[in-house]
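**Student:** My questions will all concern the structure given below.
The values are calculated or read from the model by the stated rules, or taken from the named source; none is laboratory data. Being a predicted model, the structure only gives us computed values, none of them experimental. Every residue, glycine as well, gets a Cβ built from its backbone with ideal geometry; the counts of neighbours run over all protein chains shown.
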Amino acid sequence: MKQRLLVLYNLEQKCEIKQSAFEEKMQNAKRKTQNIFGRSQSFLILLLVISSIRCDLFSTRDPDPPAQNNSTFIQPVSADIVLENLKKSVTESNTDNYFRCFSDVASGRAYFFLPSVEISAQYSSVFSSWTPEQERMYFQNLGQPSNGTAYLTFSNSSTLAVSSDSVVYSMDYTFFYPHRRSGITQLVQGNMQIFLGANTQRLWSIYRWHDNKTVSDSTWSYWKAVFSGS
């Protein structure tokens with residue numbers, strides 16, 4: 001009887017030992033599973049972070065809106081408005097508005113420019129066929145002002161002739177433009193005889209321009225010659 005009890009006791013002890021070992025293995029397995037899950041979770045979080053960064057780096061950004069050119073152009077229903085548009089186009093460095101101040105063949109008056117005497121002698125080939133397109137080209141070649149603001153002023157204005165669809169003014173001008181071309185003055189001065197006419201829609205434009213030297217400084221004709229690209 002004692003021997004049977006001893007056997008039962010030993011069996012119970014072995015069962016407890018096995019149960020303890022089993023529980024320990026289960027705990028170890030649980031800890032390993034938690035570690036694996038934790039590492040997997042961390043790895044997934046890392047992937048999500050990297051993915052969001054890549055998406056941000058390579059996502060298409062809405063482009064910035066294009067810079068708007070200053071434009072103050074008034075419908076030229078009078079000769080004086082044309083001169084005002086001319087001044088504004090200089091201040092705003094607006095080539096298109098500058099070009100719009102001149103007549104074209106469709107207006108019924110072909111544009112003609114007569115440079116100052118000293119420039120005409122030096123650059124005769126440049127002005128042999130000067131058109132509004134050459135006006136556009138030289139003005140565009142002035143480029144954007146490097147510093148400061150360009151300006152054009154008129155003084156000593158007088159009316160030489162006037163009719164229902166044309167007027168001729170004589171006036172002194174001072175034109176400052178801070179271009180980037182070295183060795184060329186940024187200020188020109190002189191006198192202009194400017195002929196303006198109205199087309200059949202009663203819109204006015206410059207159809208003839210005589211440039212004259214009044215001081216020792218360079219005239220407007222000089223800039224037209226050196227910036228013409230010819």
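**Student:** Report, by residue number, each residue of segment 92-110 that is surrounded by fewer than 17 Cβ atoms within 10 Å (Cβ to Cβ) and within 23 Å of PRO145 (Cα to Cα).
**Tutor:** Selection gives ASP96 alone.
**Student:** What do you reckon, is SER221 surrounded by 13 or more Cβ atoms within 10 Å (Cβ to Cβ) and in contact with a Cys (Cβ under 7 Å, 6 or more places away or on another chain)?
**Tutor:** On the way: surrounded by 13 or more Cβ atoms within 10 Å (Cβ to Cβ): yes; in contact with a Cys (Cβ under 7 Å, 6 or more places away or on another chain): no.
The answer is no for SER221.
**Student:** Continuing with the same structure: Which number in (1) surrounded by 12 or more Cβ atoms within 10 Å (Cβ to Cβ); (2) part of a strand (DSSP E or B) marks the one condition that THR72 misses?
**Tutor:** The number of the failed condition is (2).
For (1) of a type in the set (Gly, Ala, Ser); (2) within 17 Å of HIS210 (Cα to Cα); (3) free of Cβ contacts under 8 Å to residues at least 40 places away in the same chain, each residue gets a yes or a no:
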| site | (1), (2), (3) |
| --- | --- |
| THR95 | no, no, no |
| TYR98 | no, no, no |
| VAL117 | no, yes, no |
| TYR123 | no, yes, no |
| ARG136 | no, no, no |
| GLY143 | yes, no, yes |
| ASN147 | no, no, yes |
| PHE154 | no, yes, no |
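**Student:** For the structure I just gave you, tell me whether LEU46 is more than 24 Å from TYR207 (Cβ to Cβ) and either modelled with pLDDT under 95 or of a type outside the set (Ser, Thr, Tyr) (or both). Explain how you work it out, then say what you get.
**Tutor:** Details: more than 24 Å from TYR207 (Cβ to Cβ): yes; either modelled with pLDDT under 95 or of a type outside the set (Ser, Thr, Tyr) (or both): yes.
So LEU46 passes the test.
**Student:** Quick check, is VAL90 modelled with pLDDT of 95 or more, of a type in the set (A, V, I, L, M, F, W, C), under 20 Å from VAL226 (Cβ atoms) and assigned to a helix (DSSP H, G or I)? Step through it out loud before you land on a result.
**Tutor:** On the way: modelled with pLDDT of 95 or more: yes; of a type in the set (A, V, I, L, M, F, W, C): yes; under 20 Å from VAL226 (Cβ atoms): yes; assigned to a helix (DSSP H, G or I): yes.
Yes.
**Student:** Please verify whether segment 127-148 includes one or more residues that are surrounded by 16 or more Cβ atoms within 10 Å (Cβ to Cβ), in the same structural domain as LEU83 (by TED's automatic domain parsing), within 23 Å of SER93 (Cβ to Cβ) and among the basic types (Lys, Arg).
**Tutor:** yes
**Student:** Which condition number does ILE206 fail, the rest of (1) aliphatic (A, V, I, L, M); (2) under 17 Å from ILE119 (Cβ atoms); (3) over 25 Å from the mean Cα position of the chain (by Cα) being met?
**Tutor:** Here ILE206 meets the rest and fails (2).
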